[in-house]
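For reference, the structure is listed below as structure tokens.
Values in this text are rule-based calculations from the coordinates and carry no lab data. Because the structure is predicted, anything quoted here is derived from the model rather than measured. Because the Cβ atoms are built from the backbone with ideal geometry, glycine has one as well, and the counts that use them run over all protein chains shown.
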Amino acid sequence: MILFCDTSALLKLYIVEAGSEPVKARANEVEAVAVCRIAWAEAHAALSRRAREVPEDREAIEQAKAALASDWPHYLILEIDQSLVERAGEYADTFALRGYDSIQLAAAFEAGRISQIPILFACFDSRLNKAAKVLGMSCL
């Protein structure tokens, strides 16, 4: 099984918050962890925002960024190309998703299509999880 982490789930591997333990546990059990290329920018934006909003967390946030950079080469990275963004556009229409959410969903679907391995979709957005289930993915 492949664990596909959208950015909300990916961050739970690096900062302790609600939902961190199940994501970490599953990440240790699966064959691979997959992410979409955009997760790098989204993760850094979220971490930087937290460091600005909670200055006492700045050191932990910098450690989280360093850990992400160290782990990144070990993830299965889904690239964004024209066919993926076209599928994402269809998903945005079909499931009433925001732009980057539809890209995350399309990337997860593509990971399953390419690998022929079941995808466990890790996300903390109910609409996105519902769409993943419709597409035949299990959700964390």
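When every residue of segment 98-105 is checked against the conditions, none turns out to be over 12 Å from the mean Cα position of the chain (by Cα), buried (at least 17 other Cβ atoms within 10 Å of the Cβ) and in contact (Cβ under 8 Å) with a residue 40 or more places away in the chain. Say we look at segment 78-97 and pick out the residues that are touching a residue at least 40 places away in the same chain (Cβ under 8 Å) and surrounded by 15 or more Cβ atoms within 10 Å (Cβ to Cβ); which of these is nearest to Ile2 (Cα to Cα)? So, considering only residues that are touching a residue at least 40 places away in the same chain (Cβ under 8 Å) and surrounded by 15 or more Cβ atoms within 10 Å (Cβ to Cβ), the one nearest to Ile2 (Cα to Cα) is Leu78. Tallying residues that are part of a helix (DSSP H, G or I) and either loosely packed, with under 15 Cβ neighbours inside 10 Å or in contact (Cβ under 8 Å) with a residue 40 or more places away in the chain (or both) within segment 106-140 yields 14.
Select from segment 21-61 the residues that are surrounded by 13 or more Cβ atoms within 10 Å (Cβ to Cβ) and among the acidic types (Asp, Glu) and list them in ascending order. Result: Glu42, Asp57.
Would you pick out the residues in segment 1-19 that are surrounded by fewer than 23 Cβ atoms within 10 Å (Cβ to Cβ) and among the hydrophobic types (A, V, I, L, M, F, W, C)? Across segment 1-19, the qualifying residues are Met1, Ile2, Leu13, Ile15, Val16, Ala18.
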